Amino acid sequence: MSYCVNCGVELDKSCSVCPLCNTKVINPNDPGDSISPGPYPSRQGYIDSVQRSDISILMSVILAATALVCGLLNLFVFTGTHWGLHVIAICMILWVFFLPVFFPGKLHFGISLLLDGLSISLYLGIIAWLHPGNGWYLSVALPLTALSVILILIFAFSLKSPRSSILFLAVILFAAVGILTVSIELLVRHYLKDPMMLSWSAVVLTCCVIIDVTLITILRRTRLREAVRRRMHI
């Protein structure tokens, strides 16, 4: 019986180095057994890497099974409400959101964003159908969803442009925030039949305008732009 002089682990008679700490086995009384098979396999196993198509199929099957099972439960067992439609719609939205992962490089990001907006609009439409109100879907939800998709598309195209900088993207972002907040307040006021005026969104819009004016000034003045880039490492 032999033991490693470094870590003390028990050694097989065919070991030439310690399997735990790789210390060389030197035993002058036992030159070692190089004929008997070793205690560990010499060949390393190989497992194929998971392909993106396998992940796509797995995610699609999980979402489809979830939607199908919940739909059948709602249809035959829990029939009091239409909760299954919510689950089906959420599974559909998740599948649409995963499309860029399922088909990398094959689906244009603009088309992907449009599909995301359509799926969200459809989900909100299902909610409006199940819980009808005073036209909140057409008056508020649908316009805000469309405006959000347009603003995200503008920002995404700016992000893809090779000439865009962080300062320019910040200008686009703050402008989008200002437009979105004003639109939210005006649409909600129109839906509630309140006077069409700005209150809280005017504060947000003012801050966004000040920031954008400052950033545009920095972008147009070369010395200011280079100084900001050096100090902010951008």
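The values are calculated or read from the model by the stated rules, or taken from the named source; none is laboratory data. Computed from a predicted model, the values in this text were never measured in an experiment. All Cβ positions, glycine included, derive from the backbone under ideal geometry; neighbour counts span all protein chains shown. SASA here: full protein model, heavy atoms, side chains in, ligands and nucleic acids out. Shrake-Rupley method; radii C 1.70, N 1.55, O 1.52, S 1.80 Å.
Listed residues Leu153, Leu215, Leu173, Leu147; which is out of contact with any strand residue (DSSP E or B) (no Cβ under 7 Å at 6 or more places or on another chain), open to solvent by 50 Å² or more (accessible area, probe 1.4 Å) and modelled with pLDDT of 85 or more?
None of the others qualify; the one that does is Leu173.
Would you point out the residue of segment 104-149, among those that are in contact (Cβ under 8 Å) with a residue 12 or more places away in the chain and not in a helix (DSSP H, G or I), that is farthest from Leu58 (Cα to Cα)?
Asn134
Across segment 57-82, what is the total count of residues that are modelled with pLDDT of 85 or more and touching a helix residue (DSSP H, G or I) at 6+ places or on another chain (Cβ under 6 Å)? Even if it seems obvious, please write down each step before you answer.
Taking segment 57-82 and keeping what is modelled with pLDDT of 85 or more, we get 57-77.
From what's left, touching a helix residue (DSSP H, G or I) at 6+ places or on another chain (Cβ under 6 Å): 63, 66-67, 70-71, 74.
Qualifying residue count for the region: 6.
What do you reckon, is Phe109 over 18 Å from Ser148 (Cβ atoms), open to solvent by less than 60 Å² (accessible area, probe 1.4 Å) and aromatic (Phe, Trp, Tyr)?
No.
Among (1) open to solvent by 70 Å² or more (accessible area, probe 1.4 Å); (2) without any contact (Cβ under 8 Å) to a residue 24 or more places away in the chain; (3) closer than 30 Å to Leu138 by Cβ; (4) not acidic (Asp, Glu), where does Leu159 come up short?
(3)
Looking at segment 150-162, which of its residues are assigned to a helix (DSSP H, G or I) and not β-branched (Val, Ile, Thr)?
Across segment 150-162, the qualifying residues are Leu151, Leu153, Phe155, Ala156, Phe157, Ser158, Leu159, Lys160.
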